[in-house]
Each structure stands twice: as structure tokens, then as C-alpha cells.
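Step one of this worksheet: look at the structure below.
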Amino acid sequence: MSDHSELGHIRPWRHIERRKSRQIMVGSVPVGGDAPISVQSMTNTPTTDAAATLEQIRQLEEAGADIVRVSCPDEESTAAFRTIAREARVPLVADIHFHYKRGIEAAQAGAACLRINPGNIGSIERVKEVVQAARDHGCSMRIGVNAGSLEKELLEKYGEPCPDAMVESALNHARILQDLDFHEFKISVKASDPFLTVAAYQQLADAIDCPLHLGVTEAGPLRTGTIKSAIGMGNMLWSGIGDTIRVSLAADPVEEIKVGFDILKSLGLRHRGVNIIACPSCARQGFNVIETVGILEERLAHVSTAMSLSIIGCVVNGPGEALYTDIGFTGGGKGAGMVYLNGKIAHKQANEGMIDEIVAQVEAKAAELDAARAAAIALNAAE
Ligand code: SF4
């Protein structure tokens, strides 16, 4: 019940067939193949301020980030990167733009992956040096093509940023690495327009077997950027494309992680935390649904165990939703409602005190699920 993807075999309309990609490692996190789709974000503190950057990485780790990207625009930044990489619990991607030396320094300083376009860093000798540093330090790479910074020749050839131009750019960069027998890379082809983004990724997905890093770049502020990302990335993920994702919002990076997980949760591709199902409420509601859900969302933010909770205003839809959630509450009028546990009626509960009761039930269920999972892992290890 906690994992709706488990229902895939009996409900084929839920099933997403993922594109078969090669697997690479970003530090300890596998990307591609059958690895879970990882969620990443990027720090926006000055990298030279290692303490502030680490504080933001901690917040992202708390929110569930699998991977965090950190910009390395200059030598001072790669120097601070060493301290940051030593302290961070998640693998770090060093964002390098043009200067090959920053790439080498970042690899030496503990980067798990370099975001670098080999075609942009000059002579093949320089590329070889970066590739050698990546090999020596177990770094993978991400080729990041962006519609806003396509090579001049491709813009001249195609007239404007278009899927063909973006894919040609990506494959040109990839070829440089392949010719050096370096295959530990993933690719992104981002644009701020979801149509262009999706078309470019679809074309790229057919052209190469490396893992794909998805993103609709510069998607905008929290609400509109979330919608744009959900439409663009949702479309690709639904068709099986995508191995790691980054939502780009002009907002706190922690929001990017939350939105990333929400997109994956909506598609049953990844589960983390409490998935709250709630009705929009209407005159029939037996309690204030919107206020209750707002409070619960905050009070349950610390729960990372995947589980589901339905909070429904009345019996029109409450009992039906509760059948398929781990915990449910349905308003019933007269100042009380019904608590459901594991899809079955458990007990009546006064509206007063209902939030504390639900939080307690969710925490107990999370502990039970965690214990069951730990037991299963121990059993597997013993066999
Ligand atoms: S479940 Fe009940 S309260 Fe909620 S929107 Fe539907 S009819 Fe209204």
C-alpha cells in the first residue's frame, strides 16, 4: 500500500517502462540502468564561503537530495570545494564552464562528477588532462547543453536553437569523450521552453545510451516554474526518459528537491515521505480540510519513510480513498470523523485533537515500515 508502483503488475496502466540506459556512478550514487531516479539541486551561496555552502548542502541533504551541484568559477572556489567535499554527505558535482584547470582542481578536490563540456575547454590536450584527472579521481562527467548557449556554428547551421542543434551539440561533446575511451558521462539538453526541451531529450534518448540528466532550465519562480517543470519533465519521465533530475527554480534550492520528489511521486517512480491525498473541500466538509492539511504537511515534513495519508472532508470520497492509503481520516459531521488504518476502519476521532492523533499514527506507521524494511535487508544479507 505504501508503494503504489508495487501495484504495477496488477494495474498495467500504472506501469512506466524506463528507457534502458548505461549506468554510471556519481560518487556512491548510481545513475542510469535500473537505479532509482536521483534528485539533485545546486547551491546558490558563494562557493568561496565554504561554511554557508555546507549549511545549504545540509538543508538539501535533509530534504532528501541525492546529489548536489556546486559552481567552481575560479581557483578560490575550487580551493573551498575541497573543504566542502570533505564534509558533505552527498556526492558533489563541480560545475565548470570554460576553464579546464578548474576541472582538474575540482577532480583533485573530491568532486564526484564534473559538469563540463569538453568542446568548450580548448585544445584536445586540455581535454585529455581533464579526462585523466577524472579517471585518476573516480569522477564521472555531465555534458550540459543549454539552448541559450549553443555553439555559434550550430546556430548558423540551424538558424535558431532547435532539437537538432542541441542533440548535435551534445553528440559532438560526447564523441570527444568516447574517442578518449571515457564513457562515464551523462548528458542534459535543457531549454527554458518545455516544448524544445522535451523534443531535444526525445531525440537524444534515441541517439545514445548514456544516462540522461533531465531539466527544464530557468523554469521560473516557485509556482510557474514548478508547473513548467512538471509538464516538461513529467512528460519525459512518463515515457520512460530520465535517470536523474534537477528542477530549476528561482527559489530556495530546498524547494527544487521537494518539487523533484513530488514529480517522481506523482508518477509512482520514487517514494519519499508522506504522500498526502486531500480533497479540495466544499460545503460538505466535516472539518477545515485546507487548514488541517497545511498543518499536517509541516508537522510531517520530518518523516522520510514512504507512506500515504488521506485527509478527506466527508464520506462522499473519504472511505474510498482510505481503502488505498496507509492512514486515512474522513470527516463525518458532528465534530468528529473516522480514522482508517491500513485501509480499514479503526476508530472514531473527535475533530479536536485529530491532528495530534494523525501525526502519532503516521510516526508509528513509519517506525513499523522502517523496522520491516530493516528486517528484510538483514534477512537478505543472511541468505
Ligand atoms: S470529499 Fe466531501 S468535503 Fe471533500 S470535496 Fe468531496 S464532497 Fe466536498
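Values in this text are rule-based calculations from the coordinates and carry no lab data. Keep in mind that this is a model prediction, so the values were computed, not measured. Cβ: placed from backbone, ideal geometry, glycine included. Neighbour counts: every protein chain shown.
Sorting HIS271, HIS97, HIS347 from the fewest to the most surrounding beta carbons within 10 angstrom yields HIS347, HIS97, HIS271.
Assign one of three labels to segment 166-264, namely rounded, prolate or oblate, based on the Cα gyration tensor with a ≥ b ≥ c the square roots of its eigenvalues; rounded applies when a/c is under 1.5, prolate when it is not and a/b is larger than b/c, and oblate otherwise. Because a/c hits 1.5 or more and a/b exceeds b/c, segment 166-264 counts as prolate.
Counting Cα-Cα pairs of segment 124-175 in 5 Å increments starting at 0 gives whole-percent bin shares of 4, 19, 23, 18, 14, 12, 7, 2, 0.
Using the per-residue mean of other Cβ atoms lying within 10 Å as a proxy for protection, in what order, highest first, do the peptides 127-138, 225-236 fall?
On the way: 127-138: 18.1, 225-236: 21.2.
Those peptides, ordered most packed to least, come out 225-236, 127-138.
Restricting the count to DSSP beta bridges whose residues both fall in segment 16-265, what percent are antiparallel, rounded to a multiple of 5? That works out to approximately 10 percent antiparallel. Debye calculation, C-alpha points only, no solvent: report log10 I(q)/I(0) for segment 42-154 at q = 0.23, 0.24 Å⁻¹, in the same order as the q values. Log-scaled intensity ratios, in q order: -1.23, -1.31. The 3J(HN,Hα) values that the Karplus relation (6.51, -1.76, 1.60; θ = phi - 60°) gives for segment 294-302 are, in residue order, x, 5, 4, 4, 5, 6, 9, 4, 7 Hz. Gly and Pro appear as x.
Rounded to the nearest 20, the Cβ-based charge dipole of the chain about its Cα centre (Lys and Arg +1, Asp and Glu -1) stands at 680 debye.
Each 5 Å bin from zero holds the following percent of Cα-Cα pairs in segment 233-348: 2, 11, 18, 19, 18, 13, 10, 6, 2, 0. Shape analysis of segment 16-265 places it in the rounded category; the axes a ≥ b ≥ c from the Cα gyration tensor give an a/c below 1.5. Summarising the amide proton neighbourhood of ARG142: residues at separation of 5 or more, or on other chains, whose placed amide H is nearer than 5 Å comprise LEU114, ARG115, ILE116, LYS186.
In deg cm²/dmol, rounded to 500, what helix-only [θ] at 222 nm does the chain give when every DSSP H run of at least 4 residues adds -39500 (n - 2.57) and the total is split over its residues? Could the numbers behind the result be given before it?
Values: 12 runs with 163 residues, N = 383.
Rounded to the nearest 500, the figure is -13500 deg cm²/dmol.
If we sort 361-371, 115-125, 148-158 on the protection proxy, mean other Cβ atoms within 10 Å, highest first, what's the order?
115-125, 361-371, 148-158
The alpha carbon gyration tensor of segment 307-362 gives principal lengths a ≥ b ≥ c with a/c of 1.5 or higher and a/b no greater than b/c, which makes the shape oblate. Neighbour counts of other Cβ atoms within 10 Å put ARG69, ARG11, ARG126 in the fewest-to-most order ARG11, ARG126, ARG69.
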